[in-house]
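Working notes, beginning with the structure itself.
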Amino acid sequence: MKAILTITAIIFFGTLAMAQDTSKEIKVETSTVGIELNVEIQEEAQKETEVARLYMFKNSRIKKALSFRTKRNKSKLA
């Protein structure tokens, strides 16, 4: 009985809340502002030339650095 009363109360208050018309549109005044675009491009006086090294194999410096071996790299047999 208690469950039936709570369900009917929830449905009643839910429909009561949905029946209210609170969706009034509010009009807002908009203002427009003009924008002026002044774009200046500065050219560099001196352009630096960069030198790139070309290797025969891709990532050769990285592979050489990662392939080093130490004396303690060897596995120990018990």
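The values are calculated or read from the model by the stated rules, or taken from the named source; none is laboratory data. Predicted model only: the values in this text are computed from it and were never measured. Note that we place each Cβ from the backbone using ideal geometry, even for glycine, and neighbour counts take in every protein chain shown.
Looking only at residues in region 12-36 that are small (Gly, Ala, Ser) and assigned to a loop (DSSP other than H, G, I, E, B), which one is modelled with the lowest pLDDT?
Only one residue fits best here, namely SER23.
Can you find a residue in region 37-59 that is part of a loop (DSSP other than H, G, I, E, B), at pLDDT 75 or above, loosely packed, with under 10 Cβ neighbours inside 10 Å and among the hydroxyl-bearing types (Ser, Thr, Tyr)?
The answer is no, given that none of the residues of region 37-59 is part of a loop (DSSP other than H, G, I, E, B), at pLDDT 75 or above, loosely packed, with under 10 Cβ neighbours inside 10 Å and among the hydroxyl-bearing types (Ser, Thr, Tyr).
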